[in-house]
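See structure below.
Read-outs throughout are calculated quantities, based only on the coordinates presented, and are distinct from any laboratory measurement. Since the structure is predicted, the reported quantities are computational estimates derived from the model, not experimental observations. Every residue, glycine as well, gets a Cβ built from its backbone with ideal geometry; the counts of neighbours run over all protein chains shown.
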Amino acid sequence: ICIMEKQVLESSEERTFQYQDSLPSLPVPPLDESLSKYLDAVKPFLNQEEYQRTEDIVKKFENGIGKELHQKLLERAKTRRNWLEDWWLNVAYLDLRISTQIHCNMGGPGPYIEHCWPPKEGTQIERACVNIWHTLKYWDLLRAEKVAIERSGDAVLDMNQFRMLFCTCKIPGVTRDSIGSYFKTEAEGECPSHLIVLCRGRVFAFDAIHEGNMVTPPEIFRQLTYIQKRCHSEPDGPGLAALTSNERTKWAELREYLIDLDPKNLTLLEKIQRSLFVVCLDDSSPHATPENYTEITRLGLTGDPTVRWGDKSYNSIFFSNGTCSAFCDHSPFDAMALITMLSYAEKKILENEGKWKGSDKVRDIPWPEELVFTVDQKIINEIGRTKELYYKKVSDLHLVNYAFTSFGKALIRKKKLHPDTFVQLALQLAYYKCHGRPGCCYETAMTRRFYHGRTETIRSCTMEAVEWCKSMLDPSESTYERLQLMHKAFAKHNKMRKECENGRGFDRHLLGLLLIAQEQGLPVPELYADNAFTASGGGGNFVLSTSLTGYTRFGGSALPMVPHGYGFFYSIRDDRIIITCSSWKSCPETDAEVLCRTVFQCFQDMLQLTVAAQL
């Protein structure tokens, strides 16, 4: 009976990917709706005359070429469950020719310094092996489809991005990159099971499965210690990984050159591509406190390029003082899939107080193998040149990662306000204070309730937000008036978020119409050439590139979208709000530190407003 019951129980449990085929297709919103939302969104950036002109252009578009393009988009959507998917991957990521490792990758610090692992020299390997083991357990759960399906309310969310956490890598192409993903569930078949370790310019590999069983932390410890001892007592390797930080076409050409030099190099590159993930042993010792993660975050995103593989979907970086960071190629997934996995590992690590409580037995497993690439003087010179360029670029980055500790989600919710909107409006006010004008802003909304859905843009800089900002800076405005305007701005933002999550945003729709025109060889419609389009952030011109990284202890960030812009990423906890803000030093107008401090001040101002209202 026990066995029977067990089988019944197991079969009734949901499998991670079981609803993939029943998720709704990504909708195409009505044209008139998208265009009226677009007109609403450009208002803050135009004067009356400019707005009139843009309105005429939009009307012309709606009754003319726009109508035709929309029809063609609807045709495309009939034959695809997600009309945007391949387009988005190409336009947002794979067609880019800049260094994606610098400009597009995302990363964030592990929060372990706040509980079980304060910074401490000599702990790098023991902490790494516990962290790696829990990550491997997650891979095991995913292969068995035992990772819980995520939901938003009652709606099942698409889980496809989770497949890309492991065994996934971007491969550079001369005009367009591609993604190699080699993950398979147990039901689908064999899945690669080796790890790559980067240390002092060298590359090693070892298998995470030995005789059908996962390696344990003591066994991983043995492997990493072997690698570290060798690297610390022998000359540094060539640092081939640095090449992934090149501009894409350059890296594609160098990769071809490497393969022509020796076909064995292709086998080694494929071994890296297929690996579960990359473990990076970094010699830096970033200073960090729970209130200031700046150094870990900066080194995680822009540290030594010879010890991270920029194209890999997941690099797990361990610093010499036992702090850690994640570093990821952004093309195969968005941050929330990663954060779900990292939070799982953290929960398990916390439950065991950061220690391994199992057997210390170490089986006789094969030693790690070194992947020795055949290189010549040209490659060695290119690695040198690449590192020089890389350090020149990243030294221009100004990044801060601070915790605001006066209050967090608990108090904001108590005031009946949405925490994410609270931060977005504080940012609008702070930008207005620092720059004296509205800042066009991109906030990520998640469209995962649709098949293979990824993101839509919430344009946070609304007329409602601007009106409220003006009232806050106008000494003659009453508290009551300011509060009314703030509530209007909140309502507007909350409405937009809901629409975007339900596939009723307009940015992806407008992109689709433009891409249809391009595919048909038609001229670029006037709408896209209009100054209003760019001034309001269209075509990747958002001055504020922002995202909520959830309500966990994990935060992360990416760099600004434009030279005069900011990256602004935040996680919201019960008692604090953690912000990572970045800008470029070479732009005299922007200052990440000042904007971040101003946002903190705005948090206080907004709370004061709600308190004053109750008096």
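Ordering LEU258, GLY384, THR100 by Cα displacement along the dipole of the stretch 90-396 toward the positive end leaves GLY384 in first place; charges were set at the Cβ atoms of Lys, Arg (+1) and Asp, Glu (-1). On the basis of the beta-carbon distance and an R0 of 51 Å, TYR19 and LYS415 show a calculated FRET efficiency of 0.90. Computed from the C-beta positions of GLU256 and GLU526, the FRET efficiency with R₀ = 51 Å rounds to 0.80.
Over the stretch 303-378, one equal point on each Cα, no solvent: what is log10 I(q)/I(0) by the Debye formula at q = 0.11, 0.14, 0.26 Å⁻¹? Debye curve over Cα of the stretch 303-378, log10 I(q)/I(0) at q = 0.11, 0.14, 0.26 Å⁻¹: -0.49, -0.77, -1.22. Length, then width, then depth: along the principal axes, the Cα atoms of the stretch 480-615 run 61, 36, 30 Å. Between 0 and 90 degrees, rounded to the nearest ten: what's the tilt of helix 65-78 against the longest Cα principal axis of the chain? Around 40 degrees separate the two axes. Peptide packing: for 28-39, 350-361, the average count of neighbouring Cβ atoms within 10 Å per residue gives the ranking 28-39, 350-361, highest mean first.
Evaluated on the stretch 90-396, the Kirkwood hydrodynamic radius is 19.7 Å, with distances taken between all distinct Cα atoms. Averaging the sequence gap over all C-alpha pairs within less than 8 Å and six or more residues apart, then dividing by the number of residues, gives the chain a relative contact order of 20 percent. Separation of the stretch 410-481 from the stretch 372-399 is 40 Å, based on Cα centroids. Mean residue ellipticity, 222 nm, helices only, the chain: the sum of -39500 (n - 2.57) across DSSP H runs of n ≥ 4, divided by residue count and rounded to 500, is -14000 deg cm²/dmol. Ordering 450-459, 245-254 by mean Cβ neighbour count within 10 Å, with the highest value first, yields 450-459, 245-254. Cβ under 14 Å from GLN161's Cβ, GLN161 left aside: what net charge do those residues give with Lys, Arg +1 and Asp, Glu -1? Once positives and negatives cancel, what remains is -1. All other residues whose Cβ lies under 15 angstrom from that of CYS500 are scored, Lys and Arg at +1 and Asp and Glu at -1, for a net of +2.
For the chain, the longest principal axis of the Cα atoms and the long axis of helix 463-473 meet at an angle of about 80 degrees.
Remark on the chain: Rg and Dmax equal 25.0, 79 Å (Cα only). The antiparallel fraction among DSSP beta bridges confined to the stretch 482-615 stands at about 55%. Here r is the Cβ-Cβ distance between GLN71 and GLU291 and R0 is 51 Å; the resulting FRET efficiency, rounded to 0.05, is 0.40.
Give me the net charge for the shell around THR374: Cβ to Cβ below 9 angstrom, other residues only, Lys and Arg +1, Asp and Glu -1. Here the charged neighbours net out to -1. Peptides 158-167, 362-371 ranked from most to least packed, by the mean per-residue count of other Cβ atoms within 10 Å: 158-167, 362-371. Placing pseudo-labels 7 Å out from each Cα toward the beta carbon at ASP376 and GLU519 gives an inter-label distance of 4.3 nm.
About its Cα centre, the dipole of the chain is roughly 700 debye, where the only charges are +1 on Lys and Arg Cβ and -1 on Asp and Glu Cβ.
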